[in-house]
Amino acid sequence: MNIWKNQQLEHQQPTYLNLKEEEFQERIEKLYLLLKECRLCPRECRVNRQEREVGYCKAPEKLVVSSIGPHLGEEPELVGNHGSGTIFFSHCSLKCCFCQNYEISHLGYGREMTEDELASSMLFLQKIGCHNINLVTPTHYVPQIVHAIFIASKKGLLLPIVYNSSGYERMDILRLLDGIIDIYMPDIKYGGSEASLLYSNAPDYFDIAKEAVSLMHAQVGDLVVCDGIAKRGLIIRHLVLPYDEAKTSKVVNFVASLSKNMYINIMDQYRPLYQASRFPKIARKISYGEYQEAINTAVRAGLSRGFYYKL
């Protein structure tokens, strides 16, 4: 899609408002069934969360939310003038050892919330002027979240939905999100299996992320921005790690193979938090040279959106 054709999306409503009510409800039912033998993420723990069993992510049946509010530290196209309406969900299916939000993802800090309460929170974020609903680490709560979106849509929700995830996603779940999510924002954390096994206990991460991101791109396309605000499309995040442990070249070459117009935020804020000090190669911050080489690698791959190139 041509990003300059902003007029086409300037007045377009979010995709979930185009979904027929019967189809919406059918998808919600299918998703809730997965909680009985949980297969919401690629780990497929198959625990019965409706009977208070917990799997790798440690998430219960009910939603647990850490915080809700406008976020000014996201990508400029999400933040705009009034912030991205972020909802931080507790627990995580990936659990990276260096997670900067480990109190939420590993320790599960937060409070339980019903689907009706989550829907009301979405409407509140809209009321205070946020430009989108930004679902942070949503994978393990997809049934409850989709239900809440449905409830909120019946009460006047008009904002794009941002699916802000680790990139470690099941294809079957993403297919059920087609027509509900406006903006996918996955990480692609690693370009190889050694680091993903060592730091996230997920040796299959890159293979799964490539498949998932390809499907996300097929659903929503390249990022479309109207008057400085993201309306639809794909935003990719990649965190540069010390000693090129993230294999940045493999990541950016894959991204460029999908589209040279892809928006990719190459991030420099790595810090050795939580348990990172246990691993010598990631026990320090990245250097300016390491970050600059990551940027140069992206430029050589033909990418230019989402990061700033400095000589």
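How much of the calculated P(r) for the stretch 121-231 lies past 21 Å, in percent of all Cα pairs?
41
Run the numbers for L72 and E211: contour at 0.36 nm per residue of separation, minus the present Cα-Cα distance, in nm.
The span from L72 to E211 would gain 47.0 nm if fully extended.
Any idea how far the Cα center of the stretch 116-144 sits from the one of the stretch 219-258, in Å?
With the stretch 116-144 and the stretch 219-258 each reduced to a Cα centre, they are spaced 23 Å.
N18 versus E53, label points 7 Å from Cα toward the beta carbon: distance in nm?
3.9
Please pull out the direction-averaged projected area of the stretch 210-287, using the convex hull of its alpha-carbon atoms, in nm² to one decimal place.
Spelled out: convex hull of the Cα atoms, projected over all directions, averaged, 6.4 nm².
With springs connecting C-alpha atoms under 10 Å apart, model the chain as a Gaussian network and identify which of D268, D182, D222 has the largest mean-square fluctuation.
D268
Which trypsin sites (Lys or Arg not before Pro) in the stretch 28-66 pass both tests, a DSSP loop state and at most 16 other beta-carbon atoms within 10 Å?
Sparse-neighbourhood loop trypsin sites (Lys or Arg not before Pro): R46, R52, K62.
How big is the dipole moment of the chain about its Cα centre under a simple scheme where the beta carbon of each Lys and Arg is +1, that of each Asp and Glu is -1, and everything else is neutral? Debye, nearest 20, please.
580
Using r as the Cβ-Cβ distance of D116 and Q275, and R0 as 35 Å, what FRET efficiency do you calculate, to the nearest 0.05?
0.45
Along the charge dipole of the chain, pointing to its positive end and built from +1/-1 on Cβ of Lys, Arg, Asp and Glu, which listed residue (M267, L63, N164) has its Cα farthest out?
Towards the positive end, the residue furthest out is M267.
To the nearest 500 deg cm²/dmol, what mean residue ellipticity at 222 nm is calculated for the chain from DSSP H runs of n ≥ 4 alone, each contributing -39,500 (n - 2.57), summed and divided by the residues?
-9500 deg cm²/dmol
In the stretch 281-311, what chymotrypsin sites (Phe, Trp or Tyr not before Pro) fall in a loop by DSSP, with at most 12 other Cβ atoms inside 10 Å?
Y308, Y309
In nm, to one decimal, how far is the E26 label point from the Q100 one, both placed 7 Å along Cα→Cβ?
It is 4.2 nm.
Where in the stretch 176-214 is the amide nitrogen less than 17 Å from a point lying 7 Å along the Cα-to-Cβ axis of S249?
Label zone hits: 190-195.
For each pair in K231/K260; K155/K210; K30/K154; K20/K58; K58/K189; K189/K260, compute the distance between the two Cα atoms and list the pairs where it is over 30 Å.
K155/K210; K20/K58
V299 to K154: extension gain in nm, 0.36 nm per residue of separation minus the Cα-Cα distance?
Fully extending the segment from V299 to K154 adds 47.8 nm.
Which value results when the Cα radius of gyration for the stretch 1-133 is divided by 2.2 N^0.38 Å?
That works out to 1.23 for the stretch 1-133.
Values quoted throughout were computed directly from the atomic coordinates according to the rules given, and no laboratory measurement underlies them. Values in this document were obtained by computation on a predicted structure and should not be read as measured data. Reconstructed Cβ throughout: ideal geometry from the backbone, glycine too, with neighbour counts over all protein chains shown.
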